[in-house]
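These notes are about the structure you will find just below.
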Amino acid sequence: MRRFVCWFSILSLLIITTSSTSMADEGLWLPFLLEQHNQTRMQEMGMQISADDIYALNQSSMKDAIVLFGRGCTGSIVSDQGLLFTNHHCGFGSIRNHSTVENNYLDEGFWATNLKEELPNPGLTITLLKQMEEVTDSILKGVEPGMTEAQRDAMIKNNSERISKNAQKNSPYNAIVRAFYNGNQFYLIYTETFRDIRLVGTPPYSIGKFGGSTDNWMWPRHTGDFAVFRIYANAENQPADYSEENIPYKPAYHLPISLKGVSEGDFTLVYGYPGRTSVYLPSQAVELIAEATNPHKVRLRQQRLDVFDKYMQADPQIRIQYASKDAGVANGWKKMIGESNGVRRLDAINKKASQETAFVEWVHAGDENRKALYAGLLPSFEESYASLAPYALATDYMNEAGRAIELIGFASQFRFLYEASQEKDVSEAYIQSLIKRYEQRTESFFKDYHEPIDRGVAQKLLQLYLDYIPPDLRPAFVNEINLKYRGNIEAFVDALFTKSMFTNKNQILEFLSSYKPRHARRLLRDPAYSAANDISILYETRIKETRQRLTTSIDSLQRIYMAGLIEMHEGSYLYPDANFTLRASYGLVEGYSPADAVEYDYYTTLGGIMEKEDPNNYDYIVDNKLRQLFLNSDYGDYADDDGKMRVAFVASNHTTGGSSGSPVMNADGHLAGINFDRGWEATMSDLMYDPIQGRNIAVDVRYVLFVMDKLAGASHLIKE
Ligand code: ARG
Ligand code: GLU
């Protein structure tokens, strides 16, 4: 039936063919191998274009319109003037930076009416992929079977540097070497990075983040999660630092936009920069994540969120201060809950275990060479993950319990100043430049800091630290709660917050204003700094070495296991895990059933926004103008055939963090939506994909244009 089946989906495939209409295809595919491995299947599923339209080297293709946006999102170019679509949550930092009380773009939205009004964003970049070529043989030159991991790494690092330097010499582009398949394959990647990226427009929070954290990771969804930027270049159409002289970038290709909408069963292609997946991990690793580290982190984050919530509910000022932190903590919290539930629902650990049994059988059916390479692998995994578990947890607690106390996290930033101060001939000018940076950090820290929240958080987190981590893997200050305070956490927290200067903005600014390197000692006497220091000491003395030894050995086992899997499945092609390189994933528009007796439709409408409206809940406020447009059914060309305004849809494309902002293309290769999330039932796809419930969520591009045109009046952009 299909020529290229991922081994890991064989079990799921049985389910697909025996139940439901789902035809989801797992996989994050390399765009230049689509023709070889996927084109037939994609066309079978309805695609009307060819692999060459998606990725070509000698002519322009869709790839020339796909960008890595910032450090962790995707964007797509939609005009010949470098206009770019991405998600509101991807542009959030830029939007917030431009927002003031007078010009509250976050709450009100923002639309530049001409090029001059577009807002520059220092530090924001977009990167285009120019070309990719395999260089595995040259990278592995000199790597011998008997080498230690360190020797191997050094050799590879050397080769990589030499190859990318050489490549760079003969090319106008950046060239870097990236590892695939856990270090079994290497590609040389040529990229071009633009540095003058301007904000063109954003809907208000009430549209761009409609549903907030409550709806996050959920379907049915009604978020207009998009923002519009523009790439600027110099007169030669080359990347340049921000300058008034720069002009809009002329891309080699831009995506045509479709107003046709999508229907159940339609082919979809998501093209972008997925960040990280780990679908080839052994069962022990999945168990560690799903049953140990996730539940601990979820419990810790739950405590923080509860405290945030209590204060945010009571005071609108605090709600603004903590909105961003709350969204960040909640995003990971909810993802991990979904992931662990999904792993259980899929029985992923047992499925992995039976795949391992099959692997062992394959090894034993082979020759001596195969046995020598792979026979010891699975017991070694078992041993390594068992040894790693306590250290993995201890590290999670350092971050999610120790440094998650904002006071301690803030104090820990001063370590750099302390260390600079210890250097023999550190210059006065250098120290002064550091002081400037620390003054800015202090201002921004206190802008969004509420001490009672942090005290409440500290209390809860330290209790969990004492409950779940053994004394020898706790930082010294946590042990002091028992040793000096007879287990009275409240008394300890009170002393910590009362005695530390890091709770007091003026005290720190004063400390900084008269700072001399010899004052560094004062940091050590501060209880918050010293707590932060205890965490570093714990890591250096108790965790680092063991953890590094174990992860190095696990990395090497994983690399060999991966090589074995590839060998075992010779003839079928296994896709490489995501690694922030350009990938294509394809699927169909389709609803799903998240639970017994529950069926989800594949799209949502503006009517649903009205149903969710709650003027007393910031996340469910409806813009007045939007309500009017709804009441008048004033949707212009953007309505669906039934006259309704569609907002979002789900499809079965394999996506992950980083896929945010990716274009969702229809069978003709036209833009139909912008990807921004996964359903809650899909979040375990980073570990194991579920074709039955795995869905990505996209905002319908017609809603995007409707908001730009009808709500914002940005008709000049629509024309463009
Ligand atoms: N869950 C989506 C993604 O990681 C969207 C996150 C932003 N939205 C939010 N309400 N926090 O990452
Ligand atoms: N919202 C995610 C991001 O920012 C994408 C959703 C996902 O993880 O699938 O990349």
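Coordinate-derived values only; no laboratory data. Computed from a predicted model, the values in this text were never measured in an experiment. Note that we place each Cβ from the backbone using ideal geometry, even for glycine, and neighbour counts take in every protein chain shown.
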Ser278 versus Glu108: modelled label distance in nm, points set 7 Å from Cα along the beta carbon direction: 4.6
Prolate/oblate/rounded label for segment 312-443 (Cα gyration tensor, a/c 1.5): oblate
Surrounding net charge for Ala667, when Lys and Arg each add one and Asp and Glu each subtract one, Cβ distance under 14 Å: -3
The chain: relative contact order as a whole-number percent, Cα under 8 Å and 6+ apart: 24
Unit Cα scatterers, Debye sum, the chain: log10 I(q)/I(0) for q = 0.06, 0.09, 0.11 Å⁻¹: -0.39, -0.92, -1.39
Nearest-20 debye value, the chain charge dipole, Cβ charges on Lys, Arg, Asp, Glu: 2020
Pairwise label distance in nanometres, Ala365 with Lys516, each label 7 Å out on the Cα-Cβ vector: 7.8
Axial C-alpha extent at least 18 Å, average Kyte-Doolittle at least -0.5 - helices from the chain (DSSP): 348-364, 377-397, 451-468, 544-568
Per-peptide average of other Cβ atoms within 10 Å, ordering 37-43, 462-468, 664-670 highest first: 664-670, 37-43, 462-468
MRE, 222 nm, helices only [DSSP H, n ≥ 4, -39500 (n - 2.57), over the chain, to nearest 500]: -13500 deg cm²/dmol
Bins of 10 Å from zero: percent of alpha-carbon pairs in segment 611-720: 13, 34, 35, 16, 1
Backbone N within segment 495-515 under 12 Å of label point (7 Å from Gln432 Cα along the Cβ vector): none
Whole-number Å³ per residue for the convex hull built on Cα positions in segment 423-489: 144
Full-stretch length increase - Ala476, Glu613 - with 0.36 nm per residue and alpha-carbon distance subtracted: 44.4 nm
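From the gyration tensor of the Cα coordinates in segment 295-335, what semi-axes in whole Å does the equivalent ellipsoid have, largest first, with each one equal to sqrt(5λ)?
For segment 295-335, the semi-axes come out at 20, 10, 5 Å.
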GluC sites (Glu not before Pro) restricted to segment 546-628 and DSSP loop, no more than 12 other C-beta within 10 Å: Glu570
Potential lengthening between Glu161 and Thr357 on full extension [0.36 nm per residue; Cα-Cα distance subtracted]: 66.6 nm
Of Lys250/Lys644; Lys351/Lys460; Lys209/Lys297; Lys157/Lys436; Lys325/Lys719; Lys209/Lys625, those spanning more than 28 Å from alpha-carbon to alpha-carbon: Lys250/Lys644; Lys351/Lys460; Lys157/Lys436; Lys325/Lys719
Label-point separation, Asn97 to Arg549 (7 Å along Cα→Cβ), nm: 4.4
Whole-Å semi-axes of segment 186-321's equivalent ellipsoid (Cα gyration tensor): 36, 26, 21
Computed lengthening from Glu570 to Gln151, 0.36 nm per intervening residue step minus Cα-Cα distance: 147.9 nm
